[in-house]
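Colleague: First, the structure itself, so that you have it in front of you.
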Amino acid sequence: MPVSFARVVSCAALVALAACSRSAPPPADTAAPVDVVRAARKTMPEIVAAVGTVEAINSVAVKSLVDGQLLESHVKDGDDVQQGQLLFKIDPRPAQAALAQAQAALAKDAAARDLAQAQLKRYEPVAAKGFISADQMQQYVTTYTAAAASVKVDQANVDAAKLTLGYTTISAPISGRAGRILVQPGNLVKANDTQPLLVLNQIAPIFVNFAIPGALVERVRAAQAQGSLAVRSEGDATTPQSGELAFVDNAVDPATNTVKLRARFANAGQGLWPGQFIKIALTLGESANAIVVPDAAVKAGPDGSYLFVIKPDGHAEQRSVSVARSVGGEAVIAQGLDAGESVVVDGQSRLVNGSKVKVVGTGKGAADDGDGVARKDAK
C-alpha cells in the first residue's frame with residue numbers, strides 16, 4: 001500500500017513538470033502607440049503672464065454740497081451719463097430766499113454808499129477853502145469808506161448765495177456709468193454726507209493693475225526704452241483686448257518681491273468691468289530661433305519638467321528640460337532639447353525610459369485621457 005502511494009505521487013509530479021514545460025513563453029516587448037512632433041525653431045514673443053484687477057480710470061462719489069430735500073432724480077441705475085448732464089435737483093427755495101435777502105442788503109448798503117459819496121464830493125471844495133474843520137471832513141471820508149466796504153461784503157454774500165443756489169442742481173462731473181441710486185427723491189440730504197447720492201465710474205478707457213516678479217523690473221525698463229509695451233487681456237471671461245503699459249511703480253514690494261504695473265485699455269465695448277480679475281500678457285519683445293514644442297509634450301515630475309524623445313532605434317528617452325515660458329499653447333525650451341528631435345505629445349502615460357514605441361500619429365491628433373488609451377480627436 002505505501003509503495004503504490006509513492007508511485008502515484010511520483011507520477012503526479014512528472015505530469016505537473018511536463019505541464020510546466022509546455023507553458024507559453026514570456027510575451028515579447030510590445031511597442032507603445034504614441035503621437036509625436038518635431039521640435040522646431042521659431043521666433044517667439046517674450047511674454048510675462050500675470051493676473052490683473054480692473055480699475056476705473058476715474059471714480060467720483062457724487063454728493064450734495066447743500067442741505068435740503070431731494071426733489072428730482074434725472075438718472076436711473078446703470079445709466080451712461082455725459083459730463084455736465086443733470087443728475088439731481090434739490091429744493092431751491094431756501095437758497096432763493098437767502099439770495100433775495102443778500103441782494104436786498106446789497107441794495108440798501110449801495111444806497112448808503114452813494115449818499116456818503118455825494119456828501120464827500122460836496123464838502124471836499126468847502127474843506128479846501130477852510131470852511132469846515134478837518135475832523136468833520138474826515139468823518140465824511142470815513143463814512144464813505146465804511147459804506148463802500150459794506151457794499152463789498154454784501155456783494156460777496158450775493159455771490160455766495162448764487163453759488164449755493166447753483167448747488168441745488170447737481171450735474172455729472174465726469175462722463176461715465178452710474179451705479180445704483182443710493183438716495184431717492186423725497187429724502188433729505190446733507191452737505192458732504194458720508195453716503196453719496198451715487199457713484200460714477202469712468203470705464204472707457206480703463207486701467208488694469210497687476211504685478212510681476214521684481215527680478216523682471218530691469219527687463220521691463222529696458223523694453224520700455226525701445227518703445228511702448230503691448231499688453232493683452234486673455235481668458236474666457238472677457239473678449240481679448242489690446243492695450244499698452246501705462247505705469248511701472250517706483251519700488252519693489254519687499255513683502256512679495258513684486259513690482260506693481262498698470263495697463264491702459266480703450267475698452268470701447270466695455271468688456272472690462274471695475275473690480276474684475278483677468279489674465280494679463282505683457283509682451284517684452286521677441287526671441288529668435290527659440291526651440292518650441294507643444295505644451296502637451298512637457299510633463300511635470302518630482303525633479304522638474306521632462307518629456308520623451310524618440311531615438312532613431314524606436315525607443316523613448318525620458319529627458320529633463322528647462323521651460324522658459326509657454327505662449328499660445330507652445331512651450332519654449334531653454335535647455336535639454338535640440339531642434340528637429342521627435343518628442344511625444346500623446347501617450348506618455350504608457351512610457352518609461354527606454355520603452356519601445358510605435359508612432360501612430362503626428363502633431364496633436366490623439367488625446368490621452370489618463371487611462372492609457374489614446375483616442376483620436378474629432379476633426
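Each value in this text was obtained by applying a stated rule to the coordinates, not by laboratory testing. Predicted, not measured: the structure shown is a model, and the values here were computed from it. Note that each Cβ is placed from the backbone with ideal geometry, even for glycine, and that neighbours are counted across all protein chains shown.
Colleague: Return the pairs, sorted by first residue and then second, in which the second residue is in a loop (DSSP other than H, G, I, E, B) and of a type in the set (Val, Ile, Thr), the first residue lies in region 293-315 and is within 13 Å of VAL352 (Cα to Cα), the beta carbons are less than 6 Å apart, and the residues are 6+ apart or on different chains.
Modeller: LEU307/VAL298; LEU307/VAL321
Colleague: Please count how many residues of region 206-234 are in a strand (DSSP E or B) and surrounded by fewer than 19 Cβ atoms within 10 Å (Cβ to Cβ).
Modeller: Of the residues in that region, 5 qualify.
Colleague: Within region 169-190, identify whether any single residue is more than 20 Å from GLN85 (Cβ to Cβ) and without any contact (Cβ under 8 Å) to a residue 24 or more places away in the chain, and answer yes or no.
Modeller: No, region 169-190 has no match at all.
Colleague: So is PRO240 free of Cβ contacts under 8 Å to residues at least 12 places away in the same chain and in a loop (DSSP other than H, G, I, E, B) or not?
Modeller: In short, yes.
Colleague: Here are the criteria: (1) free of Cβ contacts under 8 Å to residues at least 40 places away in the same chain; (2) surrounded by 14 or more Cβ atoms within 10 Å (Cβ to Cβ); (3) part of a strand (DSSP E or B). Tell me which single one GLY271 does not satisfy.
Modeller: So the condition that GLY271 fails would be (3).
To keep it simple, each residue is scored yes or no on (1) over 16 Å from LYS89 (Cα atoms); (2) surrounded by 12 or more Cβ atoms within 10 Å (Cβ to Cβ); (3) touching a Cys at 6+ places or on another chain (Cβ under 8 Å); (4) small (Gly, Ala, Ser).
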residue	(1), (2), (3), (4)
ASP154	yes, yes, no, no
LYS162	no, yes, no, no
ALA178	yes, yes, no, yes
LEU182	no, yes, no, no
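Colleague: If you take the residues in region 58-91 that are surrounded by fewer than 19 Cβ atoms within 10 Å (Cβ to Cβ) and aliphatic (A, V, I, L, M), which one is nearest to GLU330 (Cα to Cα)?
Modeller: Looking at the filtered set, the residue picked out is VAL60.
Colleague: Pick out the one residue from ALA339, ALA296, ALA334, ALA263 that is small (Gly, Ala, Ser) and either in contact with a Cys (Cβ under 8 Å, 6 or more places away or on another chain) or under 18 Å from GLU55 (Cβ atoms) (or both).
Modeller: The match here is ALA263.
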